[in-house]
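Let me begin by presenting the structure, written as structure tokens, before commenting on it.
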Ligand code: SAH
């Protein structure tokens with residue numbers, strides 16, 4: 001079980017696989033007023049930066065589940081590096097349908113709502129692992145500016161304009177699911193650059209060390225086009241945020 005190889009090349013050096021800086025991730029943890037000992041379930045936990053830094057900074061315990069063996073391995077190393085390996089565990093596996101045995105105080109899916117077939121399905125999935133009164137975290141894109149054409153949406157790597165909502169629409173949709181939005185931290189254009197632009201040097205370095213790899217042609221093509229695509233489309237049109245939800 002693995003994710004498509006392009007991500008494990010372009011994001012091999014990322015600790016945070018979404019448009020958040022370390023500062024924004026820490027601000028989110030602080031905003032949630034986490035009690036030490038709070039259990040967090042993180043579906044699609046990537047390289048584990050959220051659980052590891054929050055275990056260090058806020059004393060939480062947690063479990064992450066991710067489909068990438070590379071990212072899961074990095075998460076375990078990070079836990080050791082930060083001295084929290086006794087408080088967080090990382091499972092390599094499919095998070096679609098994953099329900100934890102022990103209920104969590106916080107259940108999160110930050111930047112992978114396809115695991116539940118969209119925001120509504122992912123909220124429903126996370127709710128199954130959540131204790132009464134717990135908090136759900138959803139990380140999701142929204143249209144910061146409405147794309148004027150379907151081609152612009154595709155330039156943002158969205159399937160269509162209808163794949164995402166503008167921010168007021170996204171926030172309203174959580175209400176319709178029966179949840180209060182109780183906190184929110186948004187990405188900005190500079191934090192998008194940290195996610196996207198840091199892939200470019202990773203790709204360049206990978207190409208220098210893997211010139212003979214059959215995958216090099218694809219990585220070369222991406223490096224040649226991604227900077228312009230990012231500044232033309234994603235950086236202008238796409239927003240992203242993490243929303244904290246509590247059942248009404
Ligand atoms: N939440 C992490 C990672 C977001 S990127 C962070 O913010 O850093 C999306 C992640 O989803 C990747 O780590 C990818 O490996 C993982 N993923 C994709 N499909 C998955 C699935 N079906 N089950 C579990 N993880 C999945």
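Taking segment 1-44, which residues are in a loop (DSSP other than H, G, I, E, B), within 28 Å of residue 132 (Cβ to Cβ) and in contact (Cβ under 8 Å) with a residue 12 or more places away in the chain?
Pass one, segment 1-44, residues in a loop (DSSP other than H, G, I, E, B): 1-4, 11-21, 32-38, 44.
Then drop every residue that is not within 28 Å of residue 132 (Cβ to Cβ), which leaves 32-38, 44.
Of everything in segment 1-44, those that are in a loop (DSSP other than H, G, I, E, B), within 28 Å of residue 132 (Cβ to Cβ) and in contact (Cβ under 8 Å) with a residue 12 or more places away in the chain turn out to be 32, 34, 35, 36, 37, 38, 44.
Tell me whether segment 192-207 contains one or more residues that are in contact (Cβ under 8 Å) with a residue 40 or more places away in the chain and touching a strand residue (DSSP E or B) at 6+ places or on another chain (Cβ under 8 Å). Taking every residue of segment 192-207 in turn, at least one turns out to be in contact (Cβ under 8 Å) with a residue 40 or more places away in the chain and touching a strand residue (DSSP E or B) at 6+ places or on another chain (Cβ under 8 Å). Counting the residues of segment 1-31 that are near the ligand (Cβ under 9 Å from one of its atoms), modelled with pLDDT under 95 and within 19 Å of residue 192 (Cβ to Cβ) gives 1.
Yes/no per residue for (1) exposed (fewer than 14 other Cβ atoms within 10 Å of the Cβ); (2) out of contact with any helix residue (DSSP H, G or I) (no Cβ under 6 Å at 6 or more places or on another chain); (3) under 14 Å from residue 170 (Cα atoms):
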residue: 123; (1), (2), (3): no, yes, yes
residue: 130; (1), (2), (3): no, yes, no
residue: 142; (1), (2), (3): no, no, yes
residue: 148; (1), (2), (3): yes, yes, no
residue: 151; (1), (2), (3): yes, yes, no
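When you scan segment 235-245, do you find a residue that is loosely packed, with under 13 Cβ neighbours inside 10 Å, within 30 Å of residue 123 (Cβ to Cβ), touching a residue at least 40 places away in the same chain (Cβ under 8 Å) and touching a strand residue (DSSP E or B) at 6+ places or on another chain (Cβ under 7 Å), even just one? Looking for residues that are loosely packed, with under 13 Cβ neighbours inside 10 Å, within 30 Å of residue 123 (Cβ to Cβ), touching a residue at least 40 places away in the same chain (Cβ under 8 Å) and touching a strand residue (DSSP E or B) at 6+ places or on another chain (Cβ under 7 Å), one finds none in segment 235-245, hence no. Residues that are crowded, with 19+ Cβ neighbours inside 10 Å and more than 12 Å from the chain's Cα centre (by Cα) were ranked within segment 13-28; the one that is nearest to residue 107 (Cα to Cα) is 28.
The values are calculated or read from the model by the stated rules, or taken from the named source; none is laboratory data. What you are looking at is a predicted structure, and each value in this text was computed from that prediction instead of being measured. Here the Cβ is made from the backbone with ideal geometry for all residues, glycine too, and neighbour counts use every protein chain on show.
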